[in-house]
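> Just passing along the structure, written as structure tokens.
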Amino acid sequence: MTLLTFRFAPSPNGELHLGHAYSALLNQKLAKAGGGRLLLRVEDIDTARCTPRFEADMLADLTWLGLGWEEPVRRQSEHFAGYEAVLDRLIREELVYPAFMSRGEIRAFIADTEKRGRDWPRDPDGVPHYPPADKALPVKERKRRIAGNAPFAWRLDVTAAMAHAGKDLAWTEFTDETLSATHLVEARPQDWGDVIVARRDIPTSYHLAVVVDDALQGVSHVVRGQDLFSATGVQRLLQEILGLQPPAYFHHRLILGPDGRKLSKSLRATGLAALRDAGASPDDVRRTVGL
């Protein structure tokens, strides 16, 4: 019987808030109920915004909450070579391409297109899809630009990747916090267009690193916020073309702020450190988030 494995995977780019507390404690609760493991992963590929101070504060907050996890903690910034090897495979298989357009060029392209009466597709977050021009560049021109140090990012050719997968994709989604029932969800990676899977200076992205890590660490259940529900389609596509075993998913409710919006790391009033300083206890936090 496979050991159930859960993970909590925050980014140390700001203070943890009540939403993080709910996700961490729910993962702990489910791991304990199933006799499984809880891993902590530090998703710090954004080396500019993620800092040692934020990581230290994050670990202090989680320890205060009473969260326990298996050691060692996996820090993504320590595994760039492994992600680069996966990226090289995608390059060899022609499932990614270098994208050179700047944000200004993208905006101008889309504005010109829409001025001519054509609606431009947008992803579930409302961001316009990347224009197709760079996919048509000859290999010689791509190499010339890269050799000339032109800025670029590696984007997944979603059309080619879906053809490579060769089948309709879905994932197993649990329906509530008890993980007692599931249903299949159709994966629609095409809704996101050609997403970034790596940058020139950082050989990975959130999407690529998370599927590699989940498979490498044997994660059986991914329990995370509803805000990542649609993005799961992109990750299922990457799992399929890389031959990785997909976990089951549960996208839990979000803890909202007083204004009814998703909590942000910039909202200090809901930061765990601020709540602790104000005299709150870990039990108070559990009651506040409904656990």
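The values are calculated or read from the model by the stated rules, or taken from the named source; none is laboratory data. Just so you know, these numbers come straight off a predicted model, no measurement behind them. Here the Cβ is made from the backbone with ideal geometry for all residues, glycine too, and neighbour counts use every protein chain on show.
> Just to be sure I understand, how many residues within segment 134-174 are closer than 17 Å to Trp192 by Cα, of a type outside the set (A, V, I, L, M) and exposed (fewer than 12 other Cβ atoms within 10 Å of the Cβ)?
Total satisfying the criteria: 1.
> Would you be able to tell me the number of residues in segment 221-232 that are surrounded by 20 or more Cβ atoms within 10 Å (Cβ to Cβ) and either of a type in the set (S, T, N, Q) or farther than 22 Å from Glu186 by Cβ (or both)? Please lay out each step first, then the result.
Just the residues of segment 221-232 that are surrounded by 20 or more Cβ atoms within 10 Å (Cβ to Cβ), to begin with: 221-224, 231-232.
Next, only the ones that are either of a type in the set (S, T, N, Q) or farther than 22 Å from Glu186 by Cβ (or both) stay: 232.
Total satisfying the criteria: 1.
> In addition: Take segment 173-229 and flag every residue that is touching a helix residue (DSSP H, G or I) at 6+ places or on another chain (Cβ under 9 Å), within 11 Å of Phe250 (Cα to Cα) and of a type in the set (D, E, K, R).
Glu173, Glu177, Arg224
> Restricting segment 3-51 to residues that are among the small types (Gly, Ala, Ser) and over 24 Å from Ala181 (Cβ atoms), which is surrounded by the fewest Cβ atoms within 10 Å (Cβ to Cβ)?
Ala48
> I've got another one for you. When you check Arg286 against the structure, is it closer than 30 Å to Ile146 by Cα and of a type in the set (Lys, Arg), yes or no?
no
> Still on this model: Residues being of a type in the set (Ser, Thr, Tyr) and in a loop (DSSP other than H, G, I, E, B): count how many of those fall in segment 169-194.
3
> Six or more apart or on different chains, Cβ under 8 Å: which pairs go from a residue in segment 163-192 that's within 15 Å of Ala231 (Cβ to Cβ) and at pLDDT 95 or above to one that's part of a strand (DSSP E or B) and small (Gly, Ala, Ser)? Could you list them?
Close Cβ pairs satisfying both conditions: Trp171/Ala248; Glu173/Ala248; Val185/Ala170; Glu186/Ala170; Ala187/Ala170.
> Among the residues of segment 115-124, is any buried (at least 16 other Cβ atoms within 10 Å of the Cβ) and not hydroxyl-bearing (Ser, Thr, Tyr)? Quick ask: steps written out before the conclusion?
Of all residues in segment 115-124, those buried (at least 16 other Cβ atoms within 10 Å of the Cβ) come to 123.
Of the ones still in play, those that are also not hydroxyl-bearing (Ser, Thr, Tyr) are 123.
Yes, some residue in segment 115-124 is buried (at least 16 other Cβ atoms within 10 Å of the Cβ) and not hydroxyl-bearing (Ser, Thr, Tyr).
> Please indicate, with yes or no, whether at least one residue in segment 9-26 is in contact with a Cys (Cβ under 8 Å, 6 or more places away or on another chain) and modelled with pLDDT of 95 or more.
Yes, segment 9-26 has at least one match.
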